[in-house]
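Undergrad: Sharing a structure, written as C-alpha cells. Questions coming.
Each value in this text was obtained by applying a stated rule to the coordinates, not by laboratory testing. For clarity, every value in this text was computed on a predicted model and none was experimentally measured. Note that each Cβ is placed from the backbone with ideal geometry, even for glycine, and that neighbours are counted across all protein chains shown.
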Amino acid sequence: MSNTHTTIIGPALPNIPWQPRPANSEAVLWRYSENPIIPRDLLPRSNSIFNSAAVPFQGKFAGVFRVDDTRRIMNLHSGRSEDGIHWTLSPEPIAWECADPELAKFEHRYDPRVCWLEDRYYVTWCNGYHGPTIGIGYTHDFEKFTFIENAFLPHNRNGVLFPRKIRGKYAMFSRPSDTGHTPFGDIFYSESPDMIHWGNHRFVMKPKGWTWQSTKIGAGPTPIETTEGWLLIYHGVLTSCNGFVYSMGAALLDLDQPWKVIYRTAPYLLSPQTLYECVGDVPNVAFPCAALADAPTGRIAIYYGGADTVTALAFTQVDLLLDFIKANSEL
Ligand code: BMA
C-alpha cells in the first residue's frame, strides 16, 4: 500500500496504455502481458525495432523508432498508434530537413527520445558525426522533421531533454562516452538558451560499485515532473563474465536544481529476465527510452527495448514507485 501522495505535474492522459498489476505480484514495475508490442520484423526490411520513444499526439499516439535494417544500418522512423500498443511505422527512415548540409551527412542515428516542450515535439538521438554525439531536432506533425544541431562534440550518448525550461533555460541530460561499447559513464546536466549552445554542465550521478549499475548509467525517458521532484528512470549496466547487462532504476531529483539527487534506487526496478529481454541480437538488455504519464491517476507506462531486438512496455504507478525509491535509496 502506498504511504505518500505524490502528484504528477502534467496533463491527463485517460487513454494511457495500461494493465493493472497482476494479482499476487509485488513488483514495482510490471511487464505488459502481451510483450513484446513491436516485433523485430514489423517492417519488410527491419532487422530489429527497439529503444524507441512514444508520446501522446492528437488524442492518439506517435513516436520515433530505432530501426536497424537488414543491412544493419541504424536509423530513425516515425510511427503512429491508436492505442500506444499497436503501431504502424513508416517504412522509410525520417528525412531530416537540414539548414546546413553538413548536418545531413549520415553515419547512423539511434536511441531516440521525444519530448513535448512549449510548442513542438523535440527529438534527441545518438547521432553519428565523426563518432556518436547528441542530435537535436523537432517536429510538429511527425511528418516533417527539422534537424537543429548536434548539441555536443563527440563522444556522447543518451541525450534526454526536460519537458520545460528550468531556471529560464532548456535543460538536458547526457552521458559523455567513447567511440565504442563504452565501459564507463556518468550522467551530466547541461543548460541552453536556444537549443544550440549548451553549457553550465553539472555532474548528476555516477555508477555504483559492484551492483546492477556498476559500469555505466544513462538517462532513459523524458523526466516526469512530480510534486516531490523530477522522476528520472534510467538504465544501469553491470559487466558480467558474459558481457554487459542493462537494467532499469529510478531517481528523484531536485525540481530547481535537477543535478541534485534526492533518492536513487539501490535495487533495480526491472532487469532482463524474460525471453525477449535475454535473447536477441544483444542478450540481457532492458533499455527504457520513453514514458507516458496520466497525472490524475498517477499511471506511468514505460517503453523499453528488449535485447536490442524488440520493443516492450511496462507499467508502474507514481505513489508505488516513489515509496519504493524512498524505502530503497542509496545515494
Ligand atoms: C548501448 C547503445 C544501446 C544498446 C546498448 C546495448 O551502447 O548502443 O542502443 O541498447 O548499448 O547493446
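Undergrad: Over the alpha carbons of region 245-286, what is the largest minus smallest coordinate on each principal axis, giving the biggest first in Å?
TA: Principal extents (Cα only, largest first): 40, 18, 12 Å.
Undergrad: So which chymotrypsin sites (Phe, Trp or Tyr not before Pro) in region 157-194 pass both tests, a DSSP loop state and at most 16 other Cβ atoms within 10 Å of the Cβ? Display every interim value, and only then the final one.
TA: Details: sites: Y170, F173, F184, F188, Y189; in loops: F184.
Of the chymotrypsin sites (Phe, Trp or Tyr not before Pro), the ones in loops of region 157-194 whose Cβ has at most 16 other Cβ atoms within 10 Å are F184.
Undergrad: Continuing with this model, one more query. Give me M172, M205 ranked fewest to most by other Cβ atoms within 10 Å of their Cβ, as a rough exposure proxy. Before the final figure, lay out the partial values.
TA: On the way: M172 25, M205 22.
Taking fewest neighbouring Cβ atoms as first place, the list is M205, M172.
Undergrad: If each residue of separation counts as 0.36 nm, what is the full-extension length gain between T274 and T88 once their alpha-carbon separation is subtracted?
TA: Length gained between T274 and T88: 64.5 nm.
Undergrad: Which FRET efficiency value, to the nearest 0.05, do you get for R202 and A23 by plugging their Cβ-Cβ distance into 1/(1 + (r/R0)^6) with R0 = 41 Å?
TA: Working: r = 44 Å, r/R0 = 1.06.
That pair, R202 with A23, gives E of 0.40.
Undergrad: Another one. Hey, in the GNM for the chain with a 10 angstrom Cα cutoff, which one of S90, S174, S33 fluctuates hardest?
TA: With Cα springs under 10 Å in the chain, the top fluctuation among S90, S174, S33 is at S33.
Undergrad: Over all directions, average the projected area of the Cα convex hull of region 200-272 and note it in nm².
TA: So the mean shadow area of the Cα hull is 5.2 nm².
Undergrad: What are the extents of the Cα atoms of region 30-327 along their three principal axes, in Å, largest first?
TA: The Cα atoms of region 30-327 stretch 48, 44, 42 Å along the principal axes, largest first.
Undergrad: Are any of the pairs K165/K206; K216/K260; K144/K208; K105/K208; K105/K144; K60/K216 more than 30 Å apart by Cα-Cα distance, and if so, which?
TA: K144/K208; K105/K208; K60/K216
Undergrad: Taking neighbour counts of Cβ atoms within 10 Å as a proxy for exposure, in what order, fewest first, do L322, L103 appear?
TA: L103, L322
Undergrad: Another question, then. Under 10 Å, Cα contacts only: if you run a Gaussian network model on the chain, which one of G79, G168, G137 comes out with the highest mean-square fluctuation?
TA: G168
Undergrad: Efficiency by 1/(1 + (r/R0)^6): what FRET value for R164 and H130, r their Cβ-Cβ distance, R0 = 25 Å, to the nearest 0.05?
TA: 0.20
Undergrad: Please list 3J(HN,Hα) in residue order for region 221-235, calculated via the Karplus relation 6.51 cos²θ - 1.76 cosθ + 1.60 where θ = phi - 60°; whole Hz, with x for glycine and proline.
TA: Taking θ as phi minus 60°, the curve returns x, 3, x, 9, 7, 10, 5, 9, x, 7, 8, 10, 9, 9, 9 Hz for region 221-235.
Undergrad: If R0 is 30 Å, what FRET efficiency do you get for K260 and N15 from their C-beta distance, rounded to 0.05?
TA: Efficiency at R0 = 30 Å is approximately 0.30.
Undergrad: If you don't mind, another one. Per 5 Å bin, what percent of the C-alpha pairs of region 44-194 does each bin hold, from zero upward?
TA: Using 5 Å bins, I get a P(r) of 2, 10, 19, 22, 21, 15, 8, 2, 0, 0 for region 44-194.
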